[in-house]
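The structure under discussion appears below in the form of structure tokens.
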Amino acid sequence: MSKHGGAEFQPLNIAVLTVSDTRTEANDTSGQTLVERVKTAGHQLAEKAIVIDDVYQLRAVVSRWIADSNIQAVVVTGGTGFTARDNTPEALLPLFDKQVEGFGELFRHISYGEIGTSTVQSRSFAGMANNTVVFCMPGSTNACKTAWDKIIKEQLDASHGPCNFVPHLDFAPVCETRD
């Protein structure tokens, strides 16, 4: 087995954050899509939250999650566009120890085939913070499906080779859902 791929699948504790001024648990289709995919992939939902698009509230929630040794990954939907209220990059990039430039590049490349040149308006990004990987994608349900199905799922699977993020993550025992 290689250090970075070909290992057995290992379930991760993953937190899901929806960034929105208008969504609630009743109409958060993007967040629910990510929750379903996390569970279907065999991972554990560590926590789910909806936070308004406010730099400091976003930082507070994600900072708490990346400081929690029981959470290995965070997936964030929303706040990556160009409106005045789209603040996810400004809120979260300062928290990263390292950026994962390839995530945004690959997401836009794949999205081009789905939505054409409108993909240039996506500020999707990812990074590592305190040995936790954080993926941030647009708020549309289709964007969440694209990001999870075509990128994130494999990168959070220890059996995916030649490499994935699992060896870079801190592990505590998989916890029970806190919802």
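Taken together, the values in this text are just the output of simple stated rules run on the coordinates, not laboratory data. Everything numeric in this text was worked out from a predicted model, so none of it was measured. Virtual Cβ from ideal backbone geometry, glycine too; neighbours counted across all protein chains shown.
Give the share of C-alpha pairs in each 5 angstrom bin for segment 94-159, from 0 to the last occupied bin, in whole percents, shortest bins first.
Over segment 94-159, the share of Cα pairs per 5 Å bin runs 4, 18, 29, 25, 16, 8, 2, 0 percent.
Run through segment 1-95 and list the chymotrypsin sites (Phe, Trp or Tyr not before Pro) located in a DSSP loop whose Cβ has at most 16 other Cβ atoms within 10 Å.
Passing sites in segment 1-95 are F9, F82.
Go through L17, S118, Q32 and say which Cα lies farthest out towards the positive end of the charge dipole of the chain; charges sit on Cβ, +1 for Lys and Arg, -1 for Asp and Glu.
Highest projection toward the positive end goes to S118.
Where does segment 9-108 land on Rg/Rh, using Cα atoms and the Kirkwood Rh?
Looking at segment 9-108, the ratio lands at 0.95.
Quick check: Cα centre of segment 80-141 to Cα centre of segment 1-68, how many Å?
14
Note down the magnitude of the dipole of segment 13-168 about its Cα centre, charges +1 on Lys and Arg C-beta and -1 on Asp and Glu C-beta and zero elsewhere, to the nearest 20 debye.
The calculated dipole for segment 13-168 is roughly 120 debye.
Return the percentage of antiparallel bridges among DSSP beta bridges fully within the chain, rounded to the nearest 5 %.
In the chain, approximately 30 percent of DSSP beta bridges are antiparallel ones.
Report the normalised scattering of segment 37-179 as log10 I(q)/I(0) at q = 0.12, 0.14, 0.15 Å⁻¹, calculated by the Debye formula with identical scatterers on the alpha carbons.
Ignoring solvent entirely, the Cα scatterers give -0.46, -0.64, -0.74.
Anyone know which of A84, A158, A129 comes out most mobile in the 10 Å Cα GNM of the chain?
Of A84, A158, A129, the Gaussian network model singles out A84 as fluctuating most.
Among V74, V51, V38, determine the one that fluctuates most according to a GNM of the chain built with springs between C-alpha atoms less than 10 Å apart.
Looking only at V74, V51, V38, the largest GNM fluctuation is found for V51.
Under a straight-distance cross-link criterion of Cα-Cα below 25 Å, which lysines are reachable from K48, leaving out those fewer than 8 residues away in the same chain?
Leaving aside lysines fewer than 8 places away in the same chain, those within reach of K48 are K39, K98, K145, K150, K153.
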